[in-house]
Amino acid sequence: NNSPGDGKIIITQDYEINIPLQTTPEKVPVDIIVYIRSTTNYNNTDSIVFRSRPDYESSPGFKPVLFGGIYWAPVNVGATTISGELNLANMGKVYQWGRNGYGTEVIDDTNTPYTDTQLGPVTYAESTGLYANKFIIGSSDWLSAQDAYLPTRNLLWSRNVNDSPCPPGWRVPRADELAKLNDTFSTGNVEPGRYRYGIMGDEGTDKLYLPFAGHRMYKTGESFLRGYDAVYWSSSSNGDGKAARFYLRADVANILYTDYGFGLSIRCVQE
(Lines give C-alpha, C1' and ligand atoms only; values in the text may rest on other atoms or scores of the structure.)
Protein backbone atom coordinates (compact mmCIF):
# COMPACT_ATOMS: atom_id res chain seq x y z
CA ASN A 1 0.00 0.00 0.00
CA ASN A 2 1.29 3.44 -0.90
CA SER A 3 1.32 5.93 1.96
CA PRO A 4 0.51 9.40 0.52
CA GLY A 5 2.85 12.26 1.24
CA ASP A 6 5.99 10.60 2.65
CA GLY A 7 6.94 8.37 -0.26
CA LYS A 8 7.14 5.25 1.98
CA ILE A 9 5.63 1.91 1.11
CA ILE A 10 3.72 0.08 3.85
CA ILE A 11 3.36 -3.66 3.41
CA THR A 12 0.75 -5.52 5.42
CA GLN A 13 1.31 -9.23 6.02
CA ASP A 14 -0.94 -11.61 7.98
CA TYR A 15 0.63 -14.38 10.08
CA GLU A 16 -0.94 -17.32 11.87
CA ILE A 17 0.88 -18.29 15.06
CA ASN A 18 0.08 -21.33 17.21
CA ILE A 19 0.45 -20.54 20.93
CA PRO A 20 0.88 -23.79 22.91
CA LEU A 21 -1.37 -24.40 25.90
CA GLN A 22 -0.01 -25.38 29.29
CA THR A 23 -1.13 -28.97 29.46
CA THR A 24 0.98 -29.99 32.47
CA PRO A 25 -0.03 -29.35 36.10
CA GLU A 26 2.35 -26.38 36.14
CA LYS A 27 -0.12 -23.59 35.37
CA VAL A 28 2.19 -20.61 35.77
CA PRO A 29 2.62 -17.17 34.18
CA VAL A 30 4.69 -17.34 31.01
CA ASP A 31 5.78 -14.83 28.36
CA ILE A 32 5.77 -16.18 24.81
CA ILE A 33 8.02 -14.06 22.60
CA VAL A 34 7.56 -14.19 18.83
CA TYR A 35 10.41 -12.75 16.75
CA ILE A 36 9.74 -11.45 13.24
CA ARG A 37 12.80 -11.06 11.03
CA SER A 38 13.31 -10.16 7.40
CA THR A 39 14.85 -12.97 5.35
CA THR A 40 16.78 -10.44 3.29
CA ASN A 41 17.95 -8.21 6.14
CA TYR A 42 18.49 -9.82 9.57
CA ASN A 43 18.87 -6.39 11.15
CA ASN A 44 15.24 -5.73 10.29
CA THR A 45 13.73 -7.46 13.34
CA ASP A 46 10.77 -6.96 15.63
CA SER A 47 9.13 -8.95 18.42
CA ILE A 48 5.69 -9.52 19.93
CA VAL A 49 5.15 -10.64 23.53
CA PHE A 50 2.12 -12.76 24.43
CA ARG A 51 1.68 -12.84 28.22
CA SER A 52 -0.20 -15.79 29.67
CA ARG A 53 -1.40 -15.49 33.26
CA PRO A 54 -3.59 -18.47 34.12
CA ASP A 55 -5.59 -18.55 37.36
CA TYR A 56 -3.71 -19.87 40.35
CA GLU A 57 -4.19 -23.59 40.89
CA SER A 58 -6.21 -23.49 44.12
CA SER A 59 -8.06 -20.26 43.39
CA PRO A 60 -10.15 -20.00 40.19
CA GLY A 61 -10.68 -16.36 39.30
CA PHE A 62 -7.51 -15.16 41.05
CA LYS A 63 -4.29 -14.62 39.15
CA PRO A 64 -0.68 -14.43 40.33
CA VAL A 65 0.67 -10.95 41.11
CA LEU A 66 3.97 -9.65 39.74
CA PHE A 67 5.81 -7.97 42.61
CA GLY A 68 9.52 -7.27 42.89
CA GLY A 69 10.10 -8.85 39.51
CA ILE A 70 8.68 -12.27 40.47
CA TYR A 71 5.21 -13.77 40.43
CA TRP A 72 3.56 -14.42 43.80
CA ALA A 73 0.59 -16.68 44.41
CA PRO A 74 -2.55 -14.61 45.12
CA VAL A 75 -3.35 -16.62 48.27
CA ASN A 76 -1.58 -18.44 51.09
CA VAL A 77 -1.11 -22.20 50.89
CA GLY A 78 -4.42 -23.74 51.99
CA ALA A 79 -6.46 -20.66 51.04
CA THR A 80 -8.79 -20.22 48.07
CA THR A 81 -9.95 -16.59 48.20
CA ILE A 82 -8.91 -13.02 49.06
CA SER A 83 -12.14 -12.14 50.84
CA GLY A 84 -10.48 -10.51 53.87
CA GLU A 85 -12.46 -12.64 56.33
CA LEU A 86 -11.32 -14.52 59.43
CA ASN A 87 -11.66 -18.01 58.00
CA LEU A 88 -9.57 -20.80 56.51
CA ALA A 89 -10.56 -19.98 52.93
CA ASN A 90 -8.98 -16.54 53.25
CA MET A 91 -6.19 -17.14 55.78
CA GLY A 92 -4.90 -20.53 54.65
CA LYS A 93 -2.97 -23.04 56.73
CA VAL A 94 0.24 -22.87 58.73
CA TYR A 95 3.13 -25.34 58.46
CA GLN A 96 6.14 -26.38 60.47
CA TRP A 97 9.34 -25.66 58.53
CA GLY A 98 10.37 -28.34 56.06
CA ARG A 99 7.25 -30.37 56.82
CA ASN A 100 5.04 -30.84 53.79
CA GLY A 101 2.19 -33.08 54.78
CA TYR A 102 0.34 -31.45 57.64
CA GLY A 103 -0.99 -27.93 57.51
CA THR A 104 -3.40 -26.62 60.11
CA GLU A 105 -5.64 -23.62 60.64
CA VAL A 106 -5.05 -20.97 63.28
CA ILE A 107 -8.44 -20.91 65.00
CA ASP A 108 -8.74 -17.40 66.45
CA ASP A 109 -6.91 -14.57 68.19
CA THR A 110 -6.93 -16.20 71.62
CA ASN A 111 -4.71 -18.84 73.16
CA THR A 112 -6.70 -21.81 71.93
CA PRO A 113 -5.35 -25.26 72.85
CA TYR A 114 -5.41 -27.93 70.16
CA THR A 115 -6.07 -31.64 70.40
CA ASP A 116 -4.11 -32.55 67.24
CA THR A 117 -0.69 -32.50 68.93
CA GLN A 118 2.09 -35.03 69.45
CA LEU A 119 5.05 -34.56 71.76
CA GLY A 120 8.27 -34.47 69.78
CA PRO A 121 10.79 -34.47 68.37
CA VAL A 122 9.87 -37.37 66.11
CA THR A 123 11.49 -39.23 63.26
CA TYR A 124 10.76 -38.30 59.66
CA ALA A 125 9.05 -41.66 59.16
CA GLU A 126 6.77 -40.92 62.11
CA SER A 127 6.01 -37.40 60.86
CA THR A 128 4.79 -38.77 57.52
CA GLY A 129 3.21 -41.94 58.92
CA LEU A 130 1.95 -42.43 62.47
CA TYR A 131 1.87 -38.69 63.22
CA ALA A 132 1.09 -37.40 59.74
CA ASN A 133 -1.98 -35.54 61.04
CA LYS A 134 -0.36 -34.20 64.20
CA PHE A 135 1.28 -30.88 65.02
CA ILE A 136 4.57 -31.79 66.71
CA ILE A 137 5.06 -29.89 69.97
CA GLY A 138 7.55 -29.59 72.82
CA SER A 139 10.71 -29.06 70.78
CA SER A 140 12.13 -26.16 68.76
CA ASP A 141 12.63 -28.61 65.89
CA TRP A 142 9.94 -31.20 65.21
CA LEU A 143 12.50 -33.59 63.68
CA SER A 144 14.91 -35.53 65.84
CA ALA A 145 18.53 -34.39 65.52
CA GLN A 146 19.57 -38.06 65.36
CA ASP A 147 17.31 -38.83 62.40
CA ALA A 148 19.28 -39.80 59.30
CA TYR A 149 16.80 -37.87 57.15
CA LEU A 150 17.60 -34.52 58.80
CA PRO A 151 20.14 -33.28 56.17
CA THR A 152 17.65 -34.14 53.42
CA ARG A 153 14.81 -32.38 55.25
CA ASN A 154 16.92 -29.24 55.54
CA LEU A 155 17.06 -29.01 51.73
CA LEU A 156 13.50 -30.06 50.87
CA TRP A 157 12.16 -26.54 50.42
CA SER A 158 15.20 -25.32 48.49
CA ARG A 159 14.77 -24.26 44.88
CA ASN A 160 16.69 -27.26 43.56
CA VAL A 161 14.53 -29.80 45.42
CA ASN A 162 11.26 -27.94 46.13
CA ASP A 163 9.38 -30.77 47.77
CA SER A 164 7.08 -28.32 49.52
CA PRO A 165 3.38 -27.60 50.15
CA CYS A 166 3.42 -25.33 47.08
CA PRO A 167 1.68 -26.61 43.92
CA PRO A 168 3.69 -27.74 40.86
CA GLY A 169 5.55 -24.85 39.27
CA TRP A 170 5.71 -22.93 42.57
CA ARG A 171 8.04 -22.93 45.58
CA VAL A 172 8.62 -21.44 49.03
CA PRO A 173 10.36 -18.04 48.63
CA ARG A 174 13.92 -17.43 49.73
CA ALA A 175 14.78 -14.88 52.44
CA ASP A 176 15.92 -12.32 49.85
CA GLU A 177 12.56 -12.63 48.08
CA LEU A 178 10.58 -12.13 51.30
CA ALA A 179 12.82 -9.12 51.90
CA LYS A 180 11.14 -7.48 48.88
CA LEU A 181 7.93 -7.44 50.94
CA ASN A 182 9.73 -6.17 54.02
CA ASP A 183 11.57 -3.38 52.19
CA THR A 184 8.35 -1.80 50.97
CA PHE A 185 6.48 -1.99 54.27
CA SER A 186 4.15 0.92 54.97
CA THR A 187 1.48 1.22 57.63
CA GLY A 188 -0.69 2.81 54.95
CA ASN A 189 -0.98 -0.58 53.23
CA VAL A 190 -2.84 -2.14 56.16
CA GLU A 191 -6.55 -2.52 55.44
CA PRO A 192 -8.50 -2.04 58.71
CA GLY A 193 -11.41 -4.41 59.09
CA ARG A 194 -10.14 -6.70 56.32
CA TYR A 195 -7.42 -8.36 58.43
CA ARG A 196 -4.81 -8.02 55.72
CA TYR A 197 -1.97 -6.04 54.17
CA GLY A 198 -2.14 -5.02 50.51
CA ILE A 199 0.79 -4.11 48.23
CA MET A 200 0.39 -2.82 44.68
CA GLY A 201 2.09 -5.07 42.14
CA ASP A 202 4.69 -4.01 39.58
CA GLU A 203 2.10 -3.64 36.83
CA GLY A 204 0.04 -1.16 38.86
CA THR A 205 -3.24 -3.01 38.39
CA ASP A 206 -3.26 -5.88 40.92
CA LYS A 207 -2.58 -5.99 44.65
CA LEU A 208 -0.78 -8.69 46.58
CA TYR A 209 -2.82 -9.33 49.74
CA LEU A 210 -1.20 -10.83 52.83
CA PRO A 211 -3.81 -11.86 55.42
CA PHE A 212 -3.05 -11.65 59.13
CA ALA A 213 -3.37 -15.40 59.60
CA GLY A 214 -1.60 -15.68 62.96
CA HIS A 215 0.69 -18.55 63.94
CA ARG A 216 1.08 -21.66 66.12
CA MET A 217 3.53 -22.15 68.96
CA TYR A 218 5.68 -25.26 69.03
CA LYS A 219 5.85 -25.40 72.83
CA THR A 220 2.16 -26.12 73.37
CA GLY A 221 0.50 -26.22 69.96
CA GLU A 222 -1.64 -23.20 70.84
CA SER A 223 -2.63 -20.72 68.16
CA PHE A 224 -2.12 -16.99 68.45
CA LEU A 225 -3.12 -13.68 66.94
CA ARG A 226 -5.22 -14.56 63.91
CA GLY A 227 -6.39 -11.25 62.51
CA TYR A 228 -3.45 -9.44 64.15
CA ASP A 229 -0.19 -10.66 62.60
CA ALA A 230 1.18 -12.65 59.69
CA VAL A 231 4.36 -14.72 59.71
CA TYR A 232 5.67 -16.27 56.48
CA TRP A 233 8.29 -18.98 56.09
CA SER A 234 11.19 -18.74 53.68
CA SER A 235 13.14 -21.71 52.34
CA SER A 236 16.37 -20.16 53.68
CA SER A 237 17.88 -21.97 56.67
CA ASN A 238 20.93 -21.07 58.72
CA GLY A 239 21.69 -24.79 59.04
CA ASP A 240 21.41 -24.62 62.81
CA GLY A 241 17.73 -25.20 63.47
CA LYS A 242 16.39 -21.84 62.34
CA ALA A 243 14.95 -20.46 59.10
CA ALA A 244 14.27 -16.93 57.93
CA ARG A 245 10.70 -15.70 58.26
CA PHE A 246 8.88 -12.48 57.40
CA TYR A 247 6.88 -11.01 60.29
CA LEU A 248 4.12 -8.53 59.57
CA ARG A 249 1.55 -6.65 61.61
CA ALA A 250 -0.14 -3.26 61.34
CA ASP A 251 2.75 -1.25 62.74
CA VAL A 252 5.91 -3.26 62.07
CA ALA A 253 7.59 -5.71 59.70
CA ASN A 254 10.93 -7.53 59.89
CA ILE A 255 12.99 -10.49 58.68
CA LEU A 256 14.47 -12.71 61.39
CA TYR A 257 15.48 -16.35 61.85
CA THR A 258 13.21 -18.52 63.97
CA ASP A 259 12.87 -22.15 65.13
CA TYR A 260 11.62 -24.82 62.73
CA GLY A 261 8.91 -25.94 65.13
CA PHE A 262 6.64 -22.90 64.70
CA GLY A 263 3.54 -23.14 62.52
CA LEU A 264 3.74 -20.29 60.00
CA SER A 265 2.06 -19.32 56.74
CA ILE A 266 3.49 -19.93 53.27
CA ARG A 267 3.10 -17.69 50.22
CA CYS A 268 4.48 -19.40 47.13
CA VAL A 269 6.43 -17.78 44.30
CA GLN A 270 6.82 -19.02 40.74
CA GLU A 271 9.51 -21.63 40.30
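The values are calculated or read from the model by the stated rules, or taken from the named source; none is laboratory data. Nothing here was measured: the structure is a model prediction, and the numbers come from that model. Don't worry about glycine lacking a Cβ; one is built from the backbone with ideal geometry, like all the others, and counts go over all protein chains shown. Areas reflect the complete protein model, heavy atoms only, side chains present, ligands, DNA and RNA absent. Shrake-Rupley method; radii C 1.70, N 1.55, O 1.52, S 1.80 Å.
The label-point distance for Ala89 and Asp240, in a model that sets each label 7 Å from Cα toward Cβ, rounds to 4.6 nm.
Round to a whole number: what % of the accessible area of the stretch 102-211 belongs to carbon and sulfur, probe 1.4 Å?
Values: 2640 of 5340 Å².
Ligands and nucleic acids excluded, carbon and sulfur give 50 percent.
Charge tally for Asp55 (other residues, Cβ to Cβ under 12 Å; Lys, Arg +1; Asp, Glu -1): +2. Label-to-label distance for Asn41 and Arg174 is 4.3 nm, based on points extended 7 Å past Cα in the beta-carbon direction.
Accessible area per residue for the chain is 51 Å², calculated with a 1.4 Å probe on protein heavy atoms, without ligands, DNA or RNA.
Averaging sequence separations of C-alpha pairs under 8 Å and six or more residues apart, then dividing by the length of the chain, give the relative contact order as a whole percent.
On the way: 597 pairs, mean separation 55.9, N = 271.
Over the chain, the number comes to 21 percent.
Between Ile33 and Asp14, the modelled label-to-label distance comes to 2.9 nm, taking each label 7 Å out from Cα in the direction of the beta carbon.
Working with all protein chains in place, sort Arg174, Arg216 by solvent-accessible area computed with a 1.4 Å probe, largest first. Numbers along the way, then the final one.
Details: Arg174 75, Arg216 0 Å².
Output order, biggest surface exposure first: Arg174, Arg216.
Working note: 222 nm ellipticity from helices only, DSSP H runs with n ≥ 4, each -39,500 (n - 2.57), summed and divided by the residues of the chain, gives -1500 deg cm²/dmol to the nearest 500.
With only alpha-carbon pairs counted, each pair once and no self-pairs, how large is the Kirkwood hydrodynamic radius of the chain in angstroms?
Working: mean 1/r = 0.0488 Å⁻¹.
It is 20.5 Å.
Computed over the stretch 1-151, relative contact order equals 10 percent, with contacts defined as Cα pairs under 8 Å that lie 6+ residues apart.
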